[in-house]
């Protein structure tokens, strides 16, 4: 029974992600979905701006643990195998932090939004994405943007070789 229920839980293409992507698209932004070449496979990636966006589900990414701590999560978890779930959520939180750090080390900016916040009011998240994109665009020289998106530094030699 549990296996069947768990197999129905979607890791991609949930309604909130689709709606948020549609809003970004309607604002004129173009992006990549689920870029598996990046750590953590961001839900939305802007390669030219090196911006990764994650839409985190409140349950699976342990919002209660992050905001209220272990004690609150223990009170909330009403299950006989509480220690299993607590460890699982703690590992997920740790992995999310590691993914953020790996992306930042690679020169990417990372934005994470809670699914429930996007459902209630996506406007603050849209503003945050717009600000991040504009900031990244203003700090990235135009000549290096496409090279950075392809994982190259965009030095003069790379630009000259691509022209030939």
Next on the checklist: If residue 35 satisfies all but one of (1) assigned to a loop (DSSP other than H, G, I, E, B); (2) surrounded by 16 or more Cβ atoms within 10 Å (Cβ to Cβ); (3) out of contact with any strand residue (DSSP E or B) (no Cβ under 6 Å at 6 or more places or on another chain), what's the number of the condition it fails?
Outcome noted: (3)
Checklist entry - Can we say residue 46 is out of contact with any strand residue (DSSP E or B) (no Cβ under 9 Å at 6 or more places or on another chain), modelled with pLDDT of 75 or more and within 30 Å of residue 139 (Cβ to Cβ)? => result no
Checklist entry - What do you reckon, is residue 76 surrounded by fewer than 13 Cβ atoms within 10 Å (Cβ to Cβ), at pLDDT below 95 and farther than 26 Å from residue 18 by Cβ? => result yes
Checklist entry - Within the bounds of the range 6-29, is there any residue that is at pLDDT 95 or above, over 17 Å from residue 95 (Cα atoms) and buried (at least 19 other Cβ atoms within 10 Å of the Cβ)? => result yes
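The values are calculated or read from the model by the stated rules, or taken from the named source; none is laboratory data. In this text, all values refer to a predicted model and were calculated from it rather than measured experimentally. Backbone-built Cβ (ideal geometry, glycine too); neighbour counts: all protein chains shown.
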